[in-house]
Amino acid sequence: MAITTPQVRRLTLVETKLYLREPAVIFFAVGLPIALTLILGGTIPDFQKPDPELGGLRPIDTHLPGVMIILSVLTCAFSLLPTVLVTYRERGILKRMSTTPVSPGTVLGVQLVLNVVMTVLTTVLILVLAHLVYDVPFPQAPLAFTGTLLLGMVSTFAIGLLLAALAPTSRLVQGLGMAVFFPSLFFAGMWVPQALMPGVLRTISEFTPSGAFGAAMIDLLATGGTEWRHLVVMAAWGVVGAVAAVRFFRWS
């Protein structure tokens with residue numbers, strides 16, 4: 001049975017309504033990163049002080065928005081996306097859809113699009129509000145910044161899909177997601193900036209998807225460029241995660 005554009009449109013509308021109906025989605029994926037950017041930027045004086053190591057820029061110009069954007073991406077990648085997919089599989093929704101024109105793969109595609117749109121929207125809001133409130137400059141190389149953001153999504157969403165492939169229940173995938181989420185935030189520089197990490201820990205961080213993502217985003221916000229090795233690490237994780245997810249994912 002061939003799927004038609006109106007069917008995809010209806011499915012997208014239904015999934016969007018279900019997605020936005022959950023208060024946790026709006027709070028953790030959108031509200032929390034934006035609120036932390038504005039609150040921390042206004043309450044921690046050091047974020048407002050120019051740093052010679054950043055070329056005279058302030059941490060709020062580079063580190064803070066970069067890490068908060070990654071917080072939104074990781075929330076979608078390791079919590080929202082895998083939980084929805086495993087819940088649908090657990091309830092037999094994906095299996096039932098295999099007998100209709102709307103295939104389970106279409107549901108997966110719609111969920112990916114919804115999470116990408118959510119993270120892009122959050123990124124735009126963080127950058128615009130930080131600019132309006134704290135005069136944070138916009139990225140010097142918007143195309144490179146956007147490409148890196150999308151590559152970061154590919155690397156982390158692929159891991160999220162792998163979690164969904166491996167976890168048989170929604171409760172287990174939530175636990176696995178949190179087990180990956182918090183170390184990933186650490187390696188991205190949420191609590192300790194990568195520049196202040198001990199040498200070995202920093203090296204390990206740069207070979208993780210979130211660590212490479214964080215380093216690239218902060219570089220782009222600071223200088224308008226980044227090192228190719230960060231992009232290669234993200235691309236490698238994206239390929240490995242996607243291949244493994246396809247290999248192990250079950251629709252029922």
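So which of V102, V117, V128, V110 ends up being assigned to a helix (DSSP H, G or I) and in contact (Cβ under 8 Å) with a residue 40 or more places away in the chain? Write out each step before concluding.
Details: V102 fails: assigned to a helix (DSSP H, G or I); V117 fails: in contact (Cβ under 8 Å) with a residue 40 or more places away in the chain; V128 fails: in contact (Cβ under 8 Å) with a residue 40 or more places away in the chain.
Matching residue, one of V102, V117, V128, V110: V110.
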Before we move on, is T156 of a type in the set (S, T, Y) and over 18 Å from A29 (Cβ atoms)?
no
Being in a helix (DSSP H, G or I), closer than 17 Å to T123 by Cβ and of a type outside the set (A, V, I, L, M) is the filter here; which residues of the range 210-249 pass it?
S210, F213, G214, D219
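Yes/no per residue for (1) of a type in the set (F, W, Y); (2) in a helix (DSSP H, G or I); (3) in contact (Cβ under 8 Å) with a residue 60 or more places away in the chain:
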| site | (1), (2), (3) |
| --- | --- |
| L11 | no, yes, yes |
| G31 | no, yes, no |
| G56 | no, no, no |
| I60 | no, yes, yes |
Out of the range 187-203, which residues are surrounded by fewer than 18 Cβ atoms within 10 Å (Cβ to Cβ) and closer than 15 Å to P33 by Cα?
W191
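Can you tell me which residue within the range 131-148, out of those that are in contact (Cβ under 8 Å) with a residue 60 or more places away in the chain, among the hydrophobic types (A, V, I, L, M, F, W, C) and under 21 Å from G56 (Cα atoms), is surrounded by the fewest Cβ atoms within 10 Å (Cβ to Cβ)? Explain how you work it out, then say what you get.
Restricting attention to the range 131-148, the residues satisfying the condition of being in contact (Cβ under 8 Å) with a residue 60 or more places away in the chain are 133-134, 136-137, 139-141, 144-145, 148.
After this cut, where a residue has to be among the hydrophobic types (A, V, I, L, M, F, W, C) as well, the list is 133, 136, 141, 144-145.
From what is left, the residues that are under 21 Å from G56 (Cα atoms) are 133, 136, 141, 145.
On the way: V133: 13, V136: 22, A141: 15, F145: 22.
Among them, the one singled out is V133.
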Regarding V173, is this residue closer than 30 Å to G41 by Cβ, of a type in the set (A, V, I, L, M, F, W, C), modelled with pLDDT of 95 or more and assigned to a helix (DSSP H, G or I)?
no
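The values are calculated or read from the model by the stated rules, or taken from the named source; none is laboratory data. Source: prediction; values computed, not measured. As a convention, Cβ positions derive from the backbone with ideal geometry for all residues, glycine included, and neighbour counts pool all protein chains shown.
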